Structure formats: structure tokens, C-alpha cells
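Structure record follows, encoded as C-alpha cells.
The values are calculated or read from the model by the stated rules, or taken from the named source; none is laboratory data. Since the structure is predicted, the reported quantities are computational estimates derived from the model, not experimental observations. Glycine also receives a Cβ, built like all others from the backbone with ideal geometry; neighbour counts cover every protein chain displayed. Just the protein is used for accessible areas: all its heavy atoms, side chains included, with ligands, DNA and RNA removed. Shrake-Rupley method; radii C 1.70, N 1.55, O 1.52, S 1.80 Å.
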Amino acid sequence: MTPKLMSHLPLHFVFVAALFSLSLLSIYQQEQLLQRRSLDWSMDKHFQQQQQQHETHHETSDAAERAAAPRGQTMSSSSSSILLEAALNTPRPIADSPIDHTFEQQRCTRYGLTYTPRTARRRIFWGASIADDTWHIIAAQALETYGLFHTVAFVESNRTSMGNRRSLRFDDGSVNKQRLMNMFGDQAKVTVDYYVNEDEGPDQLVSLEREHAQRALILHRWKLNGMTPHDIGYLSDTDEMFSRDFLRAMQVCDVPQFRSEGNKGHSRCAEPKVYGLAAIFEGSPECVSAEEIYHPALMIGECIEGIGNSTLHPTPTRNNHRTYSWRTDNYTYHTYYSALHNESDPPRPKTLPSNVYFPLFNAADFRRTPGGFFYGNDDVPLYIGYHVHNFFDDIGVMRQKYLTYGHAQTDALTKPLGDLNREVNLMVRCAVDGDDSDAMDGSVMKIYKSKDDRRKHAIMRRKGGLEFLKRANYGWNGGAVPLAFRIQEYVDARHDEMVAMIHADETARLRVASKRFH
């Protein structure tokens, strides 16, 4: 059984968003605006809009009923409209700016990298699964990366990771797909492929295996679009992103992980992944988690399955004997690739087998197999990316996510919102408690005795929220703040909207509980 790639599916529905008509999204301002160190926080002026009044109509119906309602009948999002309007009013970018060697050398130095003058930037091939990701997330991703990518490869499935049926949002001919095609720049090859798997019994795929099978289509698309061993592969979820500055650094700097030999080299694809410290936002730009996530990741094409030299690199055994699954532990870095040792060279701590080529990375390895270099710094802090999490336009849709996707909860539609998980709990506390009484002011995260102990405790919030991140990254160019969150009108509207949605959800839940009691 193999993943199924379909170039066309019948049109099931068109997602009717209560945003506004959008014929063309030019998401990012001219690259040269970012190449001025004096820009700092004043770049907000490029996002200023004509003052408009936006009204948000908050539903107060039962959360379970709203979760089951057809898309298009969910709560309208005034903050999404603000973000998309800002994108429309942003100056058109040039295809790519000339390389300013002085500026690029300074950029590389910020990440501890050297710079050798070059005439062309490395090409980036990005890919992500896409499903019910809101326009908050998609527009934020596009604002951050407009004009950077050679390829944007999305994959959408007709089922959730837990096997529940869902209608396609980005099918051929849909308004949503037309919007998506124009969001990442005139030069980007934007595609949406469709993963369909209706197998039953022992061949039925759920949870992580279904996700990995779906992501395998991304690497296939990269190959179809002409990816070479010298290009960069960048795999993420739609709500995960590297900062624009870091991606630009990867395009021009002397990145050790992009070569095999030398200090911090990938050692014949033993350690090719580049990842690092990402700030997490829960539901609102003002709700900043004190924990971090170490996704997404990128790597050089020569270490990617289907792109690198398969005659040099061995084929690993894979879990459940499925080609799109992740490699077994004896082919991973934390076991020092015990399967590749011979009797005269047994595995030793912190020692790789000598003069051996290591397996190429498939999409599952990309997400979960260790072996790479970490950028960023907890102490500064220096962030290189962001996770824009749970930016839903309707709490009922978010509850449906936790009912039907990974780590599904059977009572997700009825339990108190703060009991869904630690991440949503942080969002709720951020909405109802503005005094930061539970916030951290020092180290990155509270130290717990064990992973189980950690799960029992609430995630702490960063004191000051977005203001804290403005001071991060040495305060350079506005700090560690996504470009979308530099639009103050959007930040204010989104936070107010989130607070109102959470209060409406709790009111509806208590009303339903009261009816059941009586």
C-alpha cells in the first residue's frame, strides 16, 4: 500500500469565509525594507490602514452545535480581515533583492555563521500539510515568507489524522485555493496535492502514520518541481515558521550543516537537520508561552530521500515495514547508527561509524528522527522561528479539532475549555487573567522532576507577552516578533476577539450543563 497522489478531486464545497473578497494577495513589502538596520519597530508604518470600524458578532450557541455546523456558519473574524487588508495594502515586492554583501555578512554574524560573497541565493522548497488552518495562520506565514520560496507544496487530506471524514477546503476551483495560489509571491510554484486513503482493516492508517504518509507527497512534489541536492528542503506544519531573517541567512551564509565534512558538517547525512528555538503564541499574539517548540526543520537536498544519491546511502529498515514511516531506532543518531557498525567498530557514545554514508531522510524522519544542529539561545533569548497555535475563528471548530485529530478526546465538545490540554489552558488563563501573576520572569521553563510531573503542571506565560518578545533577539529589528504581529490594530482586535470567544464558549457550556441538570 502506498500513499495516493491525486491532481484533482470533485469539488465538494467552497469554504465561505466571512472575511472579504480577495482577488490578489500581495503579502510582503519590498525586501529592501528589511535591509535597513534602522528599521526597528518603525516598520509598522508600512502596515498602517485607513481607520475602519469592525464589529465582531459572537455566537452564544452550544459549543457542540457550533462544532457540528457547516463551515461558513461559524463566527466571523474581524481580526482576520484586518490582517488580510494589511497584506493587500503592503507595497508590491520585487522578485528578489540584489545581494548586499555587507548586510548579509552582518546577518550571518548574528547566527554565528560566516559569509562568503555569492551571486545567487539558495533555493528553498517548503512543504506543509494543510487542513482547517485559519487565515490568521496562512496570512501570517505568507507575510513572513513572501517571495522567499521556489516551491510551496501543500497536501490536504479528505480525512483527519484519526480517520474522520472532512470536506476539502482547497479543492480545484475553490475560492480558497485561488487565494492560496497568490499569497507567496509571483515566482513561487504553489500547489495543493490531495491525499486519499480509504483502506480498512490492517492497512488502515491513523494518527502519526497517516500524517507521515500524507507528508510523503511533499517530497514527491519537491522532486517534480526540480529540487536538486544543492537546494534547501523545509518541512513544517502550516502554523510553524522560521523567521524571515533566519531563512534569508540560510540562503546566503556558509552553513556548516549544508556540507558533509568539517566542523558541524552533516557527516554524510548523519546530522543534516537545522532547527532551533521557536516562540509559541496560543490563540493571541499577547499569549506567549514560556515553553518552546523545536519545529520546524530544514536540511540540504543531498540528504533528502528522492533527491540525494541513493546509491551512496543505505536504505534503513522502517517501522511497520512502510516506506513512508520513520526509520527504526538502530538507524538513528541517538543509537549512533548501531545498524551501520561492523564487529571491528562497535557503537560507542558520541561516536559515529567511520567512513559510512547514512540513510537519506524521508518526510517522517524529517519530523521525528534526531540528528542536526540547534540554532537559537535560551538565555538571550534568541528565537529563530514561531508557532502560531490555536488561532481559530470559532471555539467550536477548535473543539472539533481536539475531537478528531491527534490525541483525540471523546469529550472535547463538552468539557471545560481549560481542561482540553495545557496549551489551551494557557490560552484561557491569558484571556481571563491579565495580571501575569502566573508568568515567568527568568528561565525558559519551570524545571520538573519528570515528564509526567511536567504534564500535570500548567504552562507558564511569558511576562509581558508580546512586549517581552520585542526585547528578545538583542532587540534587533523589532525583536522576535512575526511580521503579522507588528500590526498593532490586528494584535488588539485578535486578542479582544479571543477573549470574547472564550467567554461565549463558557457561557454556552454552562447553559447546556444547566439544562442537563434540570
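The magnitude of the dipole of region 300-354, with charges of +1 and -1 set on the Cβ of Lys/Arg and Asp/Glu and taken from the Cα centre, is near 160 debye.
Residues in region 214-219 carry Karplus couplings, in order, of 5, 5, 4, 5, 5, 5 Hz; the curve used is 6.51 cos²θ - 1.76 cosθ + 1.60 with θ = phi - 60°, and Gly or Pro positions show x.
Scanning residues 5 or more positions from residue 297 or on other chains, those with amide H under 5 Å from its amide H are 235, with H placed 1.01 Å from N in the peptide plane. Residues in region 357-366 carry Karplus couplings, in order, of 7, 9, x, 6, 8, 8, 5, 5, 4, 3 Hz; the curve used is 6.51 cos²θ - 1.76 cosθ + 1.60 with θ = phi - 60°, and Gly or Pro positions show x. When the trypsin sites (Lys or Arg not before Pro) in region 334-412 are filtered for DSSP coil states and for at most 14 other beta-carbon atoms within 10 Å of their beta-carbon, the remaining sites are 350. Computed over Cα pairs, the Kirkwood radius of region 106-180 leads via Stokes-Einstein (1.002 mPa s, 20 °C) to a diffusion coefficient of 140 µm² per second. Averaged over its residues, region 237-362 has an accessible area of 37 Å² per residue, based on protein heavy atoms and a 1.4 Å probe. Put simply, the amide H of residue 115, placed in the peptide plane, has neighbours under 5 Å in 254, leaving out anything fewer than 5 places away on its chain. The convex hull around the C-alpha trace of region 128-262, projected and averaged over every direction, spans 9.7 square nanometres. Taking amide H as placed 1.01 Å from N in the peptide plane, residue 360 has no amide H partner under 5 Å among residues 5 or more places away or on another chain. Of the trypsin sites (Lys or Arg not before Pro) found in region 202-271, not one falls in a DSSP loop while having at most 10 other beta-carbon atoms within 10 Å. Pairs over the 32 Å Cα-Cα cut-off, from the set 401/463; 350/401; 223/470; 350/470; 189/273; 264/463: 350/401; 223/470; 350/470; 264/463.
Given a 1.4 Å probe and every protein chain left where it sits, what share in percent of the accessible area of region 86-187 is carbon and sulfur? C and S atoms contribute 49 percent here. Rounded to the nearest Hz, the phi-derived 3J(HN,Hα) couplings of region 149-164 under the Karplus curve 6.51 cos²θ - 1.76 cosθ + 1.60 (θ = phi - 60°) are 9, 6, 10, 10, 10, 9, 10, 10, 10, 7, 9, 6, 5, 8, x, 6, where x marks glycine and proline. Test of the criteria: in region 290-379, which GluC sites (Glu not before Pro) are in a DSSP loop and have at most 12 other Cβ atoms within 10 angstrom of their Cβ? Hits after loop and neighbour filter: 343. In region 345-395, the C-alpha radius of gyration followed by the widest Cα-Cα span (Dmax) gives 18.0, 57 angstrom.
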